[in-house]
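Please read the structure below before turning to the comments.
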Amino acid sequence: MNTEMDFEKIERRARVKKIVSNVAVYFFLTLWAVMVLFPFYWMILSSVKSYSAYNSEYIPKFFTLAPTFRNYIDAFTAVPLARYFANTIVFTGITTGLMVLVIIFSAYAFARLDFPGKTLTFTLFLALMMIPNELVIITNFQTITALNLRNTFTGLILPSVTSVFYIYLLKENFEAVPNELYKAAKVDGTSDLKYLFKVLLPICRPSVITIVILKVIECWNSYVWPRLITDDANYFLVSNGIQEIRENGFGRENIPAMMAAVVVISVPLIVIFLIFHKKIMEGVSRGGTKG
């Protein structure tokens, strides 16, 4: 009898301990989520406040009873925000497309093909990751300027059509695919190009999708290089357009209109992440083979 009572006490204590542990975990997760999401809430809240209401708040309010969408109209009428969007879409689409082609063929060459100096070449290739980005930007700037490609989409796009890290990541995924598949394909007379597109890419699709999404986000947020290589507003991207809006559009004092522009610019990335976040996690976590 005493043994049964002791067992029940131990079981009850274990349940209480588990409940307390779960409550603590969810509490801190909720607190962390609030801390992460609050800047987005404040951005959206500020964007629907009128200019006069925002400036009259000596103590910031965490809600508004009179939301307005006038700031969003101003975001597209007071400054050429639509042009910045179009430029960014063109830049992102072409850059991502070219980069995917470059890294797929490069990763395949390093993963499956045999050629003289392969190991040395890849080692030197990886060594490029050790070079500070500032030095690369200076070199690229001098090259693009010498080619007279400043204030052109070509000058914007060319330095971003490859990535050592993405080549390395995709190479590792390609090498994780059993080599027996490659040998069997070659026995059947399959060309390297057909094997790449019919076998490797379908197997490594999550990683390729992850790379595409990360590159799109990188291009959309690109600031330093576009700001350096372009001083013509006709070629500004959305990231540079924000600075242009701040300096020559709404001015530094019209924060609600600025926040409306930031919300509009942020929406595409948020939508992409919400749609493909599972693909991103899958691509990062898996080794490249299907179960």
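The values are calculated or read from the model by the stated rules, or taken from the named source; none is laboratory data. Keep in mind the model is a prediction, meaning the values are calculated, not measured. So basically every Cβ, Gly included, is an ideal-geometry build from the backbone, and we count neighbours across all protein chains shown.
Which of (1) in contact with a Phe, Trp or Tyr (Cβ under 7 Å, 6 or more places away or on another chain); (2) under 24 Å from residue 95 (Cβ atoms) does residue 182 not meet, given it meets every other one?
Here residue 182 meets the rest and fails (2).
Give 57, 8, 4 a once-over and let me know the one that is more than 32 Å from the chain's Cα centre (by Cα), charged (D, E, K, R), modelled with pLDDT under 90 and not in a helix (DSSP H, G or I). Step through it out loud before you land on a result.
Values: 8 fails: not in a helix (DSSP H, G or I); 4 fails: not in a helix (DSSP H, G or I).
Result of the check over 57, 8, 4: 57.
Can you tell me which residue is farthest from residue 272 (Cα to Cα) among those in segment 60-93 that are within 25 Å of the chain's Cα centre (by Cα) and among the β-branched types (Val, Ile, Thr)?
Checked segment 60-93; the qualifying residue farthest from residue 272 (Cα to Cα) is 90.
Hand me the list of helices (runs of 4 or more DSSP H) wholly inside segment 79-169 holding 2 or more residues that are of a type in the set (Gly, Ala, Ser), in the same structural domain as residue 257 (by TED's automatic domain parsing) and buried (at least 16 other Cβ atoms within 10 Å of the Cβ).
Numbers: elements: 81-112, 118-127, 133-146, 153-157.
Answer list for segment 79-169: 81-112.
Taking residue 40 and the conditions (1) over 32 Å from the mean Cα position of the chain (by Cα); (2) under 25 Å from residue 269 (Cα atoms), which numbered condition does it fall short on, given that it satisfies the others?
Exception for residue 40: condition (1).
Scanning segment 170-184 for residues that are crowded, with 18+ Cβ neighbours inside 10 Å and assigned to a helix (DSSP H, G or I), which turns out nearest to the chain's Cα centre (by Cα)?
Filtering first and then ranking leaves 170.
Among what's in segment 240-267 and is of a type outside the set (A, V, I, L, M) and touching a helix residue (DSSP H, G or I) at 6+ places or on another chain (Cβ under 7 Å), pick the residue that is modelled with the highest pLDDT. Walk me through how you get there before you give the answer.
Restricting attention to segment 240-267, the residues satisfying the condition of being of a type outside the set (A, V, I, L, M) are 240-241, 243-244, 246-254, 256, 266.
Still in the list and also touching a helix residue (DSSP H, G or I) at 6+ places or on another chain (Cβ under 7 Å): 240-241, 244, 246, 250, 252, 254, 256.
Numbers: 240: 79, 241: 75, 244: 72, 246: 72, 250: 65, 252: 65, 254: 79, 256: 85.
Of everything passing the filter in segment 240-267, 256 is modelled with the highest pLDDT.
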